[in-house]
Amino acid sequence: MAVNESKEMYLETILLLSKNGGTVRSIDISEYMGYSKPSVSRAMNILKEEGYIEADYRDGIILTEKGRKKAAEVYDRHTTLTKMFEALGVDKETAADDACKIEHCISDKTFSAIKKHFAKYN
């Protein structure tokens, strides 16, 4: 099953929160994303069922290898597209907002071509 935009956003959020150290909890995700606790809880159950996360009371929410891989891909698209837009003269906030929208719908083939082209000039 393909990962949709919502799942990608959750995985990226878990990755970013885990980089800060400490335990990632549903409430942390809820506050970071501005979503209700029940919405986050439903999403975490789906991600757990699909093998993207492990979750328990003591360790919190942890990305599995599958989840880490997908989250890293999404984060790479986000950061690469943001840097590219900024290099084109777009302000930082707009660049990040636009990258967030595009990162979920761009094909792997197109992103790879953009990344390869952008690497030549930076």
Select from the stretch 77-122 the residues that are open to solvent by 80 Å² or more (accessible area, probe 1.4 Å), in a loop (DSSP other than H, G, I, E, B) and under 14 Å from M9 (Cα atoms) and list them in ascending order.
C105
Selection status of I53, under 20 Å from N4 (Cα atoms), in contact with a Leu (Cβ under 6 Å, 6 or more places away or on another chain) and β-branched (V, I, T):
yes
How many of the residues in the stretch 1-18 are open to solvent by 50 Å² or more (accessible area, probe 1.4 Å), of a type outside the set (S, T, N, Q) and in a loop (DSSP other than H, G, I, E, B)?
2
Which residues, counting only those in the stretch 19-75, are hydroxyl-bearing (S, T, Y), in a helix (DSSP H, G or I) and open to solvent by less than 60 Å² (accessible area, probe 1.4 Å)?
S26, S30, S39, S41
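The values are calculated or read from the model by the stated rules, or taken from the named source; none is laboratory data. Predicted, not measured: the structure shown is a model, and the values here were computed from it. Cβ: placed from backbone, ideal geometry, glycine included. Neighbour counts: every protein chain shown. Just so you know, the surface numbers come from the protein's heavy atoms only, side chains and all, with ligands and any DNA or RNA stripped out. Shrake-Rupley method; radii C 1.70, N 1.55, O 1.52, S 1.80 Å.
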